[in-house]
Structures are given as C-alpha cells and as structure tokens.
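The values are calculated or read from the model by the stated rules, or taken from the named source; none is laboratory data. The model shown is predicted, which means the values in this text are computed figures rather than measured ones. Here the Cβ positions follow ideal geometry from the backbone for every residue, glycine too, while neighbour counts run over all protein chains shown.
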Amino acid sequence: MAKILVVDDHALFRLGVCTALKLGEHPSEVVGDVGTAHECLEYLKSDAPKPDILLLDIILPDESGEEVARKVRKAYPRVKILILSAETSEEVLLNLVETGINGFVSKESVQDELYIAINIIMNGGQYFGRDIDSLLKSLMSDASRNERQRAKSIFSERELIVIELCSEGYPTKIISDKMGISPRTVDAHKANIFAKLGITNTVELVRYAIKHRLVKL
C-alpha cells in the first residue's frame with residue numbers, strides 16, 4: 001500500500017483527495033496532508049513516516065510546487081513526486097520534467113486516473129496522462145530542436161559528434177576510430193569544447209549535453 005503525503009492549499013480539496021485515496025477501490029495510506037510548502041518540508045524533516053509519493057500541487061501560498069519538487073528531489077531522492085494540479089502551462093511542465101517528477105495528473109481528471117498514476121509510479125514507471133504526455137512529447141521535441149540549433153552556433157559539426165560520443169561513454173581511442181581521426185585530434189576537439197563551456201572534464205560535458213538535450217536519455 002502506497003504511503004502518500006498530500007500537499008494542497010485548499011483544505012476542502014485535500015479532504016476530498018484524502019478520502020478518495022483512503023476509501024477508493026485501490027486504497028492508499030495517507031500519512032499526512034498539509035497546505036503550504038513550509039509544512040511539507042517540515043513534515044519530511046520530522047520523524048513522521050516518510051511518504052512513498054508526494055502528491056503535490058504547483059500553486060502554493062508560500063512557495064511554488066516547482067521549487068518544492070526541486071528541494072524534495074535533492075534532499076529525499078527516494079520520495080516519488082506526483083503533481084496534481086490544474087496548471088498545465090508549457091514552461092511549468094518542462095521545468096517540472098527537468099526537475100525529475102514521476103508523474104502529472106490534472107485536477108480535471110477522473111478519480112480512477114489518480115489510482116492508475118499511483119500504481120504505475122509505485123511500480124517504477126512514470127505517468128503523465130494522454131493529454132499531458134502528448135503535449136510533453138511535442139514540447140520536448142521542440143526544445144531539443146531549439147537546443148541543437150543553439151549548439152550549432154557554438155560548436156563545429158565534429159565537436160558536436162565528439163560531445164555525443166563522449167556522452168555515450170566512449171573513450172578517446174574508440175571515438176577516434178569511429179570518426180576516422182587521431183586520438184590527438186579527438187583530445188584537441190575536447191579541449192576546445194571544454195574551453196568554450198568553461199569546464200574541465202568529461203563528466204561536466206555529459207551533464208551539459210543532457211541538460212541541453214544534445215543526447216537522448
């Protein structure tokens with residue numbers, strides 16, 4: 001049975017969600033319900049039972065749900081984050097996905113969809129619903145295309161290939177074989193890339209490539 005902490009600033013809505021979770025066809029254990037970001041973070045810091053899933057609204061009176069998700073993901077990586085909100089703007093959705101949420105359910109969804117989302121997330125999956133998933137795929141595709149266009153204004157074609165191969169974990173010798181150039185030339189490309197980005201190692205390069213969607217995860 002999933003342990004859930006509900007975070008929403010509307011007390012009546014929290015009551016309805018908690019009731020649905022406790023008494024529904026697929027009941028969950030509600031370990032707590034709070035109305036602010038501060039109360040959420042204080043609960044997680046306390047000795048109270050840790051939730052498996054944080055059911056989180058985006059709009060809170062003291063701090064955005066985005067910021068709460070970011071803090072929870074960093075401090076409590078085992079806690080899964082399921083957004084339950086009416087907010088579905090493109091920017092917010094992309095920011096939440098980059099934060100590492102596990103799912104998103106619209107407040108306009110039917111009750112059964114919430115149960116489905118919880119079940120999928122508890123089994124290691126992600127859930128965004130049909131409408132949200134379709135929108136996200138479109139946004140991520142557009143974002144990736146835009147990032148690659150920006151990257152082309154910074155890096156040469158060969159440097160972009162080096163970035164991609166480094167991100168796939170290939171060592172210099174393999175990269176040189178794949179590109180048909182010498183290891184020394186690969187190292188020269190890497191040095192140029194590092195200089196342009198102000199970084200010093202391949203780990204930082206991979207982080208850059210993932211953050212800016214230059215490689216597929």
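Here are the numbers for this structure:
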read-out	value
Which listed residue is within 19 Å of V110 (Cβ to Cβ), basic (K, R) and without any contact (Cβ under 8 Å) to a residue 12 or more places away in the chain, from K45, K22	K22
I121, sole failed condition from (1) surrounded by 12 or more Cβ atoms within 10 Å (Cβ to Cβ); (2) at pLDDT below 85	(2)
Index of the failed condition, V68 passing every other in (1) surrounded by fewer than 16 Cβ atoms within 10 Å (Cβ to Cβ); (2) in contact (Cβ under 8 Å) with a residue 12 or more places away in the chain	(1)
Conditions (1) under 19 Å from Y76 (Cα atoms); (2) surrounded by fewer than 18 Cβ atoms within 10 Å (Cβ to Cβ); number of the one not met by G16	(1)
Helices (runs of 4 or more DSSP H) wholly inside segment 166-217 containing at least 1 residues that are within 25 Å of the chain's Cα centre (by Cα) and surrounded by 12 or more Cβ atoms within 10 Å (Cβ to Cβ)	183-197, 202-211
